[in-house]
Amino acid sequence: MQKIKAAVCHEFGAPLVIEDITIRPPTLGEVEVTLDAVAICHSDISYADGAWGGSLPAVYGHEAAGKITATGTGVTGLDVGDSVVVTLIRACGTCGSCAGGVPTLCETGYDGDRGPITTAEGGKLHQAMATGGFAEKVVVDQSQVVKISPDIPKEAASLIACGVITGVGAVVNAAKLRAGQDVVVIGAGGVGLNAVQGARIAGARRIVAVDMSQEKLETAREFGATEGVLATQDKPWKAAIKALGGRGADAVIVTVGAIPAYDQAPRYLGRGGKVIMVGMPHSGATSTYEPVVLAAIGQGMVGSKMGDVVIQRDIPWMADLYAQGRLKLDELISGRWSLDQINEAIADTKSGSARRNVIIFDTGT
């Protein structure tokens, strides 16, 4: 058993506490990863604020990258010293969803209360999202990690673990966008910028970003948006449809958890278009729309979890795009922080101005 530093949530809505915790060695099918970087996702913040409930105390964090420093029995294709991306996608490989090629919807549950971490005194400590990445090390199932080139900076690689695969995957996998189609991306934050990138990579004809901030709309243009629309204006969907040549979008990607965004999303659609629901509102929040309109002109709404990715297929592809200069990752990083500064980094993320803040660990390598 090892003692490591971690940022622990003891109370919803309260600052995280940096303290020693205990982590056990990897067992059957598990790997230990010493982290170089972990990004702060809005989902981590929502969990820590109590938006979706959960067990406490807990260690959040799920966008991570580092090196494997130990392996359990039965691990194949991964070795000590490998550089890896660590994700929250824990797939059993045998349930109906996994066997059907949708590992993001794995039906085999995971009890984070009985995971590899405990308090320094040996008490219960929840490994949130099967990862617990706000810590110096993690022990996770081998299905959650993907080997990458050691030449890719870990702070950039960590972003692929969630925000990048979610945004790009929502366009490529969930919307199944074809070259020449038109896209509206609602929300130009971290996930939204990656949806814009996904649309650009997929060959979209027009990409309209919608956001409350003019500054974010300008950033979206840097990532590939062809037009920006302020969500604060009256009936912003009219401006977006005008920018799309009057037809409406083939796909609308909602990357924020704001109910007004969901209420308005179908209004941006053209005939036969789809709303891809990515952003996660708080539990209990509801949205309204007119189903008769969707039925009459063949529109649809579908949820997308983690970009519907298969990480062993999609992460190497995205890593190659980055290496080729076709996928922006470095430009997504707003700030680099130490673990001791995590509460300041979270506050900066909550301000809405950050693209992605990343915690950097001093691994001595």
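Structural remarks
- Summarising the strand pairing of the chain, around 55 percent of its internal DSSP beta bridges are antiparallel.
- Rg/Rh ratio calculated on Cα atoms of region 1-92 (Kirkwood radius): 0.99
- Under the convention that each Lys and Arg Cβ holds +1 and each Asp and Glu Cβ holds -1, the size of the dipole of region 1-95 around its Cα centre is about 160 debye.
- For residue 341 and residue 12, a Förster radius of 22 Å and the Cβ-Cβ distance give a FRET efficiency of 0.55, rounded to the nearest 0.05.
- Selection from 125, 135, 265, by position along the positive dipole direction of the chain (Cβ): 265
- Distant-in-sequence amide H partners of residue 256 (H built 1.01 Å from N, under 5 Å): 279
- Cβ charges +1 (Lys, Arg) and -1 (Asp, Glu), total dipole of region 140-243, debye: 460 debye
- Computed from the alpha carbon positions, the gyration tensor of region 57-202 leads to an equivalent ellipsoid with semi-axes of 29, 17, 16 Å, biggest first.
- Positive end of the dipole of the chain (Cβ unit charges, origin at the Cα centre): among 4, 220, 148, the Cα lying farthest that way belongs to 220.
- Applying 0.36 nm per residue to the separation of residue 271 and residue 295 and subtracting their alpha-carbon distance, the gain on full extension is 7.6 nm.
- The residue list 246, 347, 360 was ranked by how far each Cα lies along the charge dipole of the chain toward its positive end, using unit charges on Cβ atoms, and 246 comes out on top.
- Using only side-chain charges placed at the Cβ, +1 for Lys and Arg and -1 for Asp and Glu, the dipole size of the chain relative to its Cα centre rounds to 1380 debye.
- Residues whose amide H falls under 5 Å from that of residue 37, counting only those 5 or more places apart or on a different chain, are 65, 361, with hydrogens built in the peptide plane.
- Neighbour count of at most 16 Cβ within 10 Å plus DSSP loop: longest trypsin sites (Lys or Arg not before Pro)-free window in the chain: 1-175
- Computing Rg and Dmax of the Cα atoms in Å for the structure here picks out one of [x] 20.4, 60; [y] 20.3, 67; [z] 20.2, 63, namely [z].
- Each residue of region 12-19 is assigned a 3J(HN,Hα), and the resulting list reads 4, x, 9, x, 5, 10, 7, 8 Hz, derived from the Karplus form 6.51 cos²θ - 1.76 cosθ + 1.60 (θ = phi - 60°), x at Gly and Pro.
- Rolling a 1.4 Å probe over the protein heavy atoms of region 267-342, with every protein chain left in place, gives an accessible area that is 52 percent carbon and sulfur.
- Calculated mean residue ellipticity at 222 nm for the chain: -6500 deg cm²/dmol, from DSSP H runs with n ≥ 4 weighted as -39500 (n - 2.57), summed, divided by the residue count and rounded to 500.
The values are calculated or read from the model by the stated rules, or taken from the named source; none is laboratory data. No experiment lies behind these values; they were computed from the predicted model shown. Using ideal geometry, Cβ is built from the backbone for each residue, glycine included, and neighbour counts are taken over all protein chains shown. The protein model used for the area step is the full one, side chains on, heavy atoms only, and it has no ligands, DNA or RNA in it. Shrake-Rupley method; radii C 1.70, N 1.55, O 1.52, S 1.80 Å.
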